[in-house]
Amino acid sequence: MVPHVNRRARYGIVALILVTVGFAALGQGFGTPSGFGPSAAAVGGDAQGRTVGGRDGFFVHDQLAKLVVLLGLSGAAIAVLLTHAFRWRRLLLAVSVIVLGFVLGGVLCPIAAVQNVILKAGTGYLLLFLIPVVLAVLFGRVFCGSVCPFGALQELVHVRRWALRIPPRIGRVLSVVRSLFLVALVARVAATGTSVLDGATPFKAFFEFGGTPVTVAVSALVLVLSIFTFRPFCRVACPLGAFLALVSRLRIFGVRGGAKCVSCKQCDRACAADAMCGGKSRPEECLLCGDCFAACPVGAISIVPPRR
Ligand code: SF4
Ligand code: SF4
């Protein structure tokens with residue numbers, strides 16, 4: 001059945017087009033190679049890192065390989081979601097940590113991504129960035145929930161029975177921090193044409209088998225915090241997560257309890273992300289993990305278009 005595309009869905013599609021065009025336009029105006037690796041000049045590229053005259057002028061470095069892997073894992077995440085085969089999601093998280101994390105060095109780096117997409121919109125980086133954005137327009141934060149290796153590692157080390165739950169009201173206040181961080185990073189990169197804090201993302205030091213004592217310490221701290229708190233970096237500090245949370249408010253399909261809902265609030269209690277509220281998920285926090293599906297005693301929860 002082809003779902004009805006309602007007004008909110010149309011807004012989502014328009015927003016996606018505007019985001020794409022906006023980033024592409026910004027990419028023409030900036031394009032500083034800083035923060036994107038030193039090899040652009042080494043491979044004979046222009047100032048934006050493109051290989052002049054080469055067949056791979058749009059895709060530089062290993063962007064094409066990264067795109068293929070990201071598309072593959074995103075496709076698997078959508079398959080898990082649509083078939084409700086959530087028991088496979090942890091395997092997906094493990095594959096993400098190994099492949100996108102340790103093999104590819106941490107793709108997409110959540111602090112660098114919101115900056116690089118402005119600096120490098122004229123390259124294949126734009127497509128890499130658009131994958132989580134398109135997923136967010138369709139379903140919400142599927143990328144965060146099942147694909148991002150930084151989120152995956154936090155969740156894999158988390159121990160539910162030791163979890164210290166942040167009161168929802170405090171959680172909402174803390175999530176403002178990540179939005180402010182996003183605004184600060186975008187404003188800075190727009191003003192200066194350079195990126196910052198690329199290597200400071202938690203776990204980047206692990207994924208790259210390097211880093212400074214400070215970045216290793218930050219990574220270790222977030223790793224330990226993740227054991228006791230569900231995805232602390234995602235919920236408080238991730239600028240890419242903040243951006244996807246904004247886009248997710250326009251999602252076409254969402255997690256919701258239907259007519260069978262008996263208001264038992266089992267789903268609220270099962271949601272480690274504190275995204276479920278009375279049978280309706282909050283799009284900006286829902287990771288489409290499926291825990292509420294499993295917790296619902298009457299099978300009321302499904303993925304549906306938002307009510308008009
Ligand atoms: S919030 Fe950031 S780190 Fe967490 S899963 Fe999303 S993009 Fe990755
Ligand atoms: S348990 Fe929470 S995060 Fe997971 S799908 Fe349900 S509402 Fe979303």
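The values are calculated or read from the model by the stated rules, or taken from the named source; none is laboratory data. Quick caveat, the model's predicted, so the values are computed rather than measured. For neighbour counting, all protein chains shown are included, and Cβ atoms are generated from backbone atoms with ideal geometry for every residue, glycine included.
Listed conditions (1) in contact with a Lys or Arg (Cβ under 8 Å, 6 or more places away or on another chain); (2) crowded, with 23+ Cβ neighbours inside 10 Å are all met by residue 110, apart from (1). Out of the stretch 134-181, which residues are of a type in the set (A, V, I, L, M), under 27 Å from residue 208 (Cα atoms), surrounded by fewer than 23 Cβ atoms within 10 Å (Cβ to Cβ) and within 14 Å of ligand 1 (Cβ to nearest atom)? Of everything in the stretch 134-181, those that are of a type in the set (A, V, I, L, M), under 27 Å from residue 208 (Cα atoms), surrounded by fewer than 23 Cβ atoms within 10 Å (Cβ to Cβ) and within 14 Å of ligand 1 (Cβ to nearest atom) turn out to be 156, 157, 177. Residues of the stretch 254-300 that are surrounded by fewer than 19 Cβ atoms within 10 Å (Cβ to Cβ), more than 9 Å from ligand 2 (Cβ to nearest atom) and among the small types (Gly, Ala, Ser): 258, 259, 263, 278, 299. Identification of helices (runs of 4 or more DSSP H) wholly contained in the stretch 198-308 with 1 or more residues that are more than 16 Å from ligand 1 (Cβ to nearest atom) yields 213-228, 266-270, 291-295.
Before we move on, is residue 137 among the β-branched types (Val, Ile, Thr) and out of contact with any Gly (no Cβ under 8 Å at 6 or more places or on another chain)?
No.
Return the pairs, sorted by first residue and then second, in which the second residue is modelled with pLDDT under 95 and within 7 Å of ligand 2 (Cβ to nearest atom), the first residue lies in the stretch 282-293 and is within 17 Å of residue 175 (Cβ to Cβ), the beta carbons are less than 6 Å apart, and the residues are 6+ apart or on different chains. Partner pairs satisfying both residue conditions: 282/275; 285/273; 285/275; 286/255; 286/275; 287/273.
Here residue 91 meets the list (1) under 21 Å from residue 242 (Cα atoms); (2) more than 16 Å from ligand 1 (Cβ to nearest atom); (3) in a helix (DSSP H, G or I) almost entirely, failing just condition (1).
Any residue that is out of contact with any Cys (no Cβ under 7 Å at 6 or more places or on another chain), closer than 16 Å to residue 107 by Cα and surrounded by fewer than 19 Cβ atoms within 10 Å (Cβ to Cβ) - is there at least one of those in the stretch 222-236? There is no residue in the stretch 222-236 that is out of contact with any Cys (no Cβ under 7 Å at 6 or more places or on another chain), closer than 16 Å to residue 107 by Cα and surrounded by fewer than 19 Cβ atoms within 10 Å (Cβ to Cβ).
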